[in-house]
Amino acid sequence: MTHIVKSIEFGGTTLTIETGKVAKQANGSIFITYGDTSVLCTICSTGKPKPNAPFFPLMCDYQEKFYAAGRIPGSYFRREGRPTEKEVLTSRLIDRPARPLFPDGFMCDTQLIATTMSFDKVNDGDVIGMLGAFTAVAISDVPWAGPVVAVRVGMIDGKFIANPTFAEREESDLDLVVAIGPKGVVMVEGEAKFIAEEVIVDALLFADDVAKPLFALVNELVAEIGKPKFSHTPKAVDEELVAACREVAFDKMATAATIPTKMERYAATDLVKKNAVADLAERFPDRAGDIKGIVGGFKSEFCRNQIIETRTRLDGRKLDQVREISIELGVLARAHGSVLFTRGETQAIVALTLGTGSDDQRMELLGGMSNRRFMLHYNFLPFSVGEVKFLRGAGRREIGHGQLARRGLKPILPSEEVFPYVLRSVAEITESNGSSSMATVCGTSLAMMDAGVPVSDAVAGIAMGLIKEGDKVAVLSDILGDEDHFGDMDFKVVGNSEGISSLQMDIKIDGLDRQILIDALAQARAGRLHILAKMNDVLARPRPDISEHAPRIFTILIDPDRIRDLIGPGGKHIRGIVSATGAQVNVEDDGTVKVAATDNETAMKAIDLVRMYTAQPEVGQDYEGTVVRIADFGAFVQIAPGMDGLCHISELADGRVDRVIDIVQMGDVIKVRVLNVERNGKIRLSHREAMRAAGLPVPQGKQSEGGDDGGGENRGGRGGGARGGQRPRGRDNESRRSRRPRDDEGGQAQASSDGGGDPASSAN
């Protein structure tokens, strides 16, 4: 295989596509590099059809390797595990545009793999992987109606940019991933900060324009080294069998297809298939499967023709009509916010839970650890469509729908400073007949308001469809499951009255022109406003207070220098607060302390303890403290956890005190007043002043002959009189003092050190 390397400047960065060097045994392989981000993309196909396959067995897998960013996985086994949410979502981005372009009836096992092998933390590997995967299919021998290219579009200060970096995406008001085929846009996925519909159309046209150099590059590569496509012969149509089925079943299927309720309609159409098999069993033995397939196709044929010709849908609605909406709030007594949202035969129970900072989602990504404050989980329950299935973990569809809804709701969330809660919304789909992801959006918006979350606005979503036959076009609002199945487009649009916050579009035809996009978005806006009006009739603004069952979170600020005192050795103090109160306490590096509890009383107790551990003593402030150490020259008193001060022997009582233990004992709780806080944090205390201020009896020491009550008799003080008169301040005295250990004048805001000291050093 010939080794070829091609490069172009794209979006201000060099894009390089290389083939013929790596993974040469695959049907097609591309090593694509953008900046220093590189992705290996391959396609393999068995070329052997699976005759009984119910659908095209295509697997699309995107994976990110930690070595790409020079990191070792943090898991126990130190290797990559199950796919991350990012990998699942990118796999869907590859699958959705690629799948419709394989030939009808192509049933060979086929796999696309895109592996990010180098990551520069500037350029994302997702869109690069999409482009590489589509190019690998284009140059391979697997039949495909491509090429397809992928572009990410951002918008900063009203200006569109192609393939924005991570930093640019943080500033951008728009983040759209667009897949473009030979005849136009084939897939859209993205989010926006309530951008007007006309701006979205301009963004899609911008993507189509900037994609032209990519098309030229891919076509050039295909012309040089593209393999001839291996033959694929679709299953031959048995015209005689089709005619016979049409004769016995078409009119019956047309009648059954117009039954407005889903389950009754499905039962009727299944009966038509069963009867057709029985009617044709003698003429066409052993063709039951073919007969059911042909007769089932009549349903799509009839419904499409009816919509195009009569502008009436199978449930009797007009093209732009939204199904009946029913909303019931507070359906789950213990959930912090809940709603039962029903639109036609699609229904969701949505529960909103408020948590503390420790409840956020921590994700290990190539760029490092990431925390998510708002989670939305979509669960598609089998009974919602009358099926019996094993309950497994969330699949790709569930993850994709949840992400779409989450993106649409992010712009209305209050900041963490305003509302310091972690939010988790869970949507349980209990009935489904189309647009369940959009019911999730509406339900979550209402559940947030029901929980008292101060959101900025309500958000609604609607799914749009399309039937196109030649020049005849019908855009459908709020599509049913059947309309999604036989239609040409599934276009989900989320937003408020101002504009769009997220969107997702998949089409089954070659592409959409500008006018169809404009019409679809305009009709989606009208439908969205209708739904928002129904939601506002039930709950127009958030409840004034959060649920009584939700935790109460209070935020206080402490001096960052006191964080160590609050935490304590080995977390002793924090654990003590949690144990004593039952509250949760989270401390951030900037000194922000968040206290969460189930009730205000518990929270206040925890806050008092936090303040006690981090209190800054003030001169003149009185405390009740515990005597924690006794020295010859005074008592060390703990006035707050981790904060000791020295009450000098002269400040214990009025008069002379010979021994500290004559006044206080270890463990005594005494009143003290802060006399002084020195620059180094040492605290000087007075017991007698605190007692006097409180109007309580002041302990009495021995009174001197001169009536001096402030320790005038010599206890080692420099100004006091000697027992037999004035003590000389000579060399012998200095020498005698130097032989005694010395202690500093006051305690510290930390545990006091052991050791004695010269009382003279702490004299008045």
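The values are calculated or read from the model by the stated rules, or taken from the named source; none is laboratory data. Quick caveat: nothing in here was measured; it's all calculated off a predicted structure. Here the Cβ is made from the backbone with ideal geometry for all residues, glycine too, and neighbour counts use every protein chain on show.
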For segment 47-73, what are the residues that are among the small types (Gly, Ala, Ser), assigned to a loop (DSSP other than H, G, I, E, B) and within 22 Å of ASP36 (Cα to Cα)?
GLY70
In the set GLY400, GLY461, GLY465, GLY408, which member is within 30 Å of ARG552 (Cβ to Cβ) and either under 17 Å from the mean Cα position of the chain (by Cα) or assigned to a strand (DSSP E or B) (or both)?
GLY408
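Yes or no, residue by residue, for (1) touching a residue at least 12 places away in the same chain (Cβ under 8 Å); (2) within 28 Å of the chain's Cα centre (by Cα); (3) at positive phi; (4) not in a loop (DSSP other than H, G, I, E, B):
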{"position": "VAL595", "(1), (2), (3), (4)": "yes, yes, no, yes"}
{"position": "ASP608", "(1), (2), (3), (4)": "no, no, no, yes"}
{"position": "MET612", "(1), (2), (3), (4)": "yes, no, no, yes"}
{"position": "GLY620", "(1), (2), (3), (4)": "yes, no, yes, no"}
How many residues of segment 677-686 are modelled with pLDDT of 90 or more and either touching a helix residue (DSSP H, G or I) at 6+ places or on another chain (Cβ under 6 Å) or farther than 14 Å from ILE639 by Cα (or both)? The answer is 1
Based on this model, can you work out whether PRO164 counts as surrounded by 20 or more Cβ atoms within 10 Å (Cβ to Cβ) and closer than 23 Å to GLY495 by Cβ?
yes
Suppose we filter segment 664-687 for residues that are farther than 17 Å from TYR623 by Cβ and either under 52 Å from the mean Cα position of the chain (by Cα) or buried (at least 21 other Cβ atoms within 10 Å of the Cβ) (or both); how many remain?
3
Only residues in segment 223-234 that are hydrophobic (A, V, I, L, M, F, W, C) count as the first member; pair them with residues that are surrounded by 12 or more Cβ atoms within 10 Å (Cβ to Cβ) and not in a loop (DSSP other than H, G, I, E, B), Cβ under 7 angstrom, at least 6 apart or cross-chain, and list the lot.
ILE225/ILE4; ILE225/THR19; ILE225/ILE139; PHE230/GLY47
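Residues checked against (1) assigned to a strand (DSSP E or B); (2) in contact with a Cys (Cβ under 6 Å, 6 or more places away or on another chain); (3) crowded, with 18+ Cβ neighbours inside 10 Å:
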| position | (1), (2), (3) |
| --- | --- |
| ARG528 | no, no, yes |
| ILE531 | no, no, yes |
| ASP537 | no, no, no |
| GLU548 | no, no, no |
| ILE556 | yes, no, no |
| LEU566 | no, no, yes |
| GLY570 | no, no, no |
| HIS573 | no, no, yes |
Checking GLY645 against (1) in contact with a His (Cβ under 8 Å, 6 or more places away or on another chain); (2) at pLDDT 90 or above; (3) of a type outside the set (Ser, Thr, Tyr), only one condition comes out false. Which one?
(1)
Output for segment 533-566, where each listed residue is of a type in the set (Gly, Ala, Ser) and closer than 16 Å to MET448 by Cα
ALA540, SER547, ALA550
Residue under question is ILE327, and the condition is that it be among the β-branched types (Val, Ile, Thr) and more than 41 Å from the chain's Cα centre (by Cα); does it hold?
no
Selection within segment 58-110 - over 20 Å from the mean Cα position of the chain (by Cα), at pLDDT 90 or above and acidic (Asp, Glu)
ASP61, GLU80, ASP95, ASP109
Of the residues that make up segment 246-255, is at least one among the hydroxyl-bearing types (Ser, Thr, Tyr), modelled with pLDDT under 95 and either over 43 Å from the mean Cα position of the chain (by Cα) or within 28 Å of PHE102 (Cβ to Cβ) (or both)?
yes
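Residue-by-condition table, conditions (1) crowded, with 21+ Cβ neighbours inside 10 Å; (2) under 30 Å from LEU404 (Cα atoms):
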residue: VAL5; (1), (2): no, no
residue: ARG71; (1), (2): no, yes
residue: GLY74; (1), (2): no, yes
residue: THR110; (1), (2): yes, yes
Scan (1) crowded, with 21+ Cβ neighbours inside 10 Å; (2) within 30 Å of PHE56 (Cα to Cα); (3) free of Cβ contacts under 8 Å to residues at least 24 places away in the same chain for the single condition PRO83 breaks and write down its number.
(1)
Give all pairs with beta carbons closer than 6 Å in which a residue from segment 187-199 that is at pLDDT 95 or above meets a residue that is hydroxyl-bearing (Ser, Thr, Tyr) and in a strand (DSSP E or B); count only pairs at least 6 apart in sequence or on separate chains.
GLU191/SER502; ALA192/SER501; PHE194/SER501
Sort through TYR34, TYR67 and tell me the only one that's in contact with a helix residue (DSSP H, G or I) (Cβ under 6 Å, 6 or more places away or on another chain), surrounded by 13 or more Cβ atoms within 10 Å (Cβ to Cβ) and in contact (Cβ under 8 Å) with a residue 12 or more places away in the chain.
TYR34
Inter-residue pairs, beta-carbon under 8 Å, first in contact (Cβ under 8 Å) with a residue 40 or more places away in the chain and closer than 13 Å to ILE259 by Cα and in segment 300-320, second of a type in the set (Lys, Arg) and outside any loop (DSSP other than H, G, I, E, B), 6+ apart
LEU314/ARG265
Output the residues belonging to segment 324-344 that are surrounded by fewer than 20 Cβ atoms within 10 Å (Cβ to Cβ) and part of a loop (DSSP other than H, G, I, E, B).
GLU324, GLY330, VAL331, LEU332, ALA333, ARG334
Taking segment 1-41 and keeping residues in a loop (DSSP other than H, G, I, E, B) and either closer than 11 Å to GLY132 by Cβ or acidic (Asp, Glu) (or both) leaves ASP36
Segment 675-704 residues that are farther than 19 Å from ASP658 by Cα, paired with ones that are of a type in the set (Ser, Thr, Tyr) (beta carbon under 6 Å, 6 or more apart)
LEU675/SER686
Residues in segment 259-297 that are in a helix (DSSP H, G or I), over 21 Å from LYS235 (Cβ atoms), under 46 Å from the mean Cα position of the chain (by Cα) and aliphatic (A, V, I, L, M) total 4
Residue list for segment 88-108, filter: in contact with a helix residue (DSSP H, G or I) (Cβ under 9 Å, 6 or more places away or on another chain), acidic (Asp, Glu) and more than 16 Å from VAL137 (Cβ to Cβ)
none
Return the pair list, or none, for Cβ contacts closer than 6 Å from residues in segment 630-649 that are aromatic (Phe, Trp, Tyr) to residues that are assigned to a strand (DSSP E or B) and surrounded by 24 or more Cβ atoms within 10 Å (Cβ to Cβ), at least 6 apart or on different chains.
PHE636/ASP644; PHE636/LEU646; PHE636/GLY747
Conditions (1) in a loop (DSSP other than H, G, I, E, B); (2) within 25 Å of SER172 (Cα to Cα); (3) in contact with a helix residue (DSSP H, G or I) (Cβ under 9 Å, 6 or more places away or on another chain): number failed by ILE509:
(2)
Six or more apart or on different chains, Cβ under 7 Å: which pairs go from a residue in segment 146-161 that's modelled with pLDDT of 95 or more to one that's in a loop (DSSP other than H, G, I, E, B) and among the charged types (D, E, K, R)? Could you list them?
MET155/ASP173
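Conditions (1) farther than 26 Å from VAL593 by Cβ; (2) assigned by TED's automatic domain parsing to the domain that holds HIS573; (3) not aliphatic (A, V, I, L, M), marked per residue:
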position: VAL610; (1), (2), (3): no, yes, no
position: ASP632; (1), (2), (3): yes, no, yes
position: SER650; (1), (2), (3): yes, no, yes
position: ARG673; (1), (2), (3): yes, no, yes
position: ASN680; (1), (2), (3): no, no, yes
